[in-house]
Amino acid sequence: MTIDPETIRIYDAQADEYARVTASDQPDPFLQSFMDAVPAGGQVLDLGCGPGNFARHMVRAGLHVTAVDASAEMVARAGQIDGVTARQATFDDLTDTAIYHGVWANFSLLHAPRAAMPRHLAAIHHALKPKGRFHLALKTGMGEKRDRLGRFYTYYTPEEVSSLLAAAGFTVTKITPGRDKGLDGAESDWISVASHA
């Protein structure tokens, strides 16, 4: 198991605040592009779904959404959204084979240790249908450390992410850099990566 108990405890405690700061009336451009690339009525996995804000937009777009998170408090909130199937699970629990048209991992896999990333990406590739879409967003940088709230993070360079995705069998189609303020109030650089199996 590669889950960090302190990180999950923090998310449980901050679930309401996290839901508030990530709420949106409309899908952001990354989510819109992801939804546009998935077949109408497709099966989607929201991996590390948080309170379900992205899952809500996916359901509204007509997708069938399975939302998983290691935080019980986050899952409780995601499960209240009509049309979302939410369950508590870790990255290690992903054992599906070729059932998803898309996997959305938005700032979730960065909480896994670097050594675990290759097997998590391999499991995601295995769970996707051929040409299935994969969205991955991570903070950029070097090493592993905890943020101001105590959450565990692994930081990656764009080159490292591209190499890891290629090794797992993905074809990267677009990498977009960005920077904004997180739940801990700190400004962070990040990348959003679009790819397919």
Practice problem: List the number of the failed condition for Arg148; all other conditions in (1) assigned to a loop (DSSP other than H, G, I, E, B); (2) free of Cβ contacts under 8 Å to residues at least 40 places away in the same chain; (3) in contact with a helix residue (DSSP H, G or I) (Cβ under 7 Å, 6 or more places away or on another chain) hold. | Solution: (3)
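Return the residues of the stretch 153-171 that are crowded, with 17+ Cβ neighbours inside 10 Å and within 14 Å of Ala137 (Cα to Cα); say none if nothing qualifies. Steps first, answer last, please.
To start, the set of residues in the stretch 153-171 that are crowded, with 17+ Cβ neighbours inside 10 Å comprises 153-156, 161-162, 164-165, 168, 170.
Those that are crowded, with 17+ Cβ neighbours inside 10 Å and within 14 Å of Ala137 (Cα to Cα): Tyr153, Thr154, Tyr155, Tyr156, Val161, Ser162, Leu164, Leu165.
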Quiz prompt | Residue ID - modelled with the lowest pLDDT, chosen from residues in the stretch 1-20 that are surrounded by 14 or more Cβ atoms within 10 Å (Cβ to Cβ) and of a type in the set (A, V, I, L, M) | solution = Ile3
Exercise. Within the stretch 139-146, identify whether any single residue is more than 24 Å from Ala167 (Cβ to Cβ) and over 15 Å from the mean Cα position of the chain (by Cα), and answer yes or no.
Key: yes
Practice problem: Taking His120 as the residue in question, decide whether it is part of a helix (DSSP H, G or I), within 15 Å of the chain's Cα centre (by Cα) and over 18 Å from Phe54 (Cα atoms). | Solution: yes
Quiz item: So Arg9 clears everything in (1) basic (Lys, Arg); (2) free of Cβ contacts under 8 Å to residues at least 40 places away in the same chain; (3) more than 16 Å from Arg151 (Cβ to Cβ) except one condition, right? Which one?
Solution: (3)
Practice problem: Report the residue count in the stretch 163-182 for those that are in contact with a helix residue (DSSP H, G or I) (Cβ under 6 Å, 6 or more places away or on another chain) and assigned to a loop (DSSP other than H, G, I, E, B). | Solution: 2
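Taking the stretch 21-39 as the search range and keeping residues that are of a type in the set (A, V, I, L, M, F, W, C) and in a loop (DSSP other than H, G, I, E, B), which one is surrounded by the most Cβ atoms within 10 Å (Cβ to Cβ)?
Among those that are of a type in the set (A, V, I, L, M, F, W, C) and in a loop (DSSP other than H, G, I, E, B), it is Val38.
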Exercise. Of the conditions (1) in contact (Cβ under 8 Å) with a residue 12 or more places away in the chain; (2) of a type outside the set (Ser, Thr, Tyr); (3) surrounded by fewer than 16 Cβ atoms within 10 Å (Cβ to Cβ), Ala89 clears all except one; give me its number.
Key: (3)
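Residue by residue, here is whether (1) in contact (Cβ under 8 Å) with a residue 24 or more places away in the chain; (2) of a type outside the set (A, V, I, L, M, F, W, C) holds:
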position: Pro113; (1), (2): yes, yes
position: Arg133; (1), (2): yes, yes
position: Glu159; (1), (2): no, yes
position: Leu165; (1), (2): yes, no
position: Phe170; (1), (2): yes, no
position: Thr176; (1), (2): yes, yes
position: Leu183; (1), (2): yes, no
position: Ala186; (1), (2): yes, no
position: Ala197; (1), (2): yes, no
Self-check item: Some residue of the stretch 58-78 being within 26 Å of Ile175 (Cα to Cα), in contact with a strand residue (DSSP E or B) (Cβ under 9 Å, 6 or more places away or on another chain) and in a helix (DSSP H, G or I)
Solution: yes
Exercise. Mind listing whichever residues of the stretch 42-86 are crowded, with 22+ Cβ neighbours inside 10 Å, within 15 Å of Ala15 (Cα to Cα) and acidic (Asp, Glu)?
Key: Asp69
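The values are calculated or read from the model by the stated rules, or taken from the named source; none is laboratory data. Values in this document were obtained by computation on a predicted structure and should not be read as measured data. Cβ: placed from backbone, ideal geometry, glycine included. Neighbour counts: every protein chain shown.
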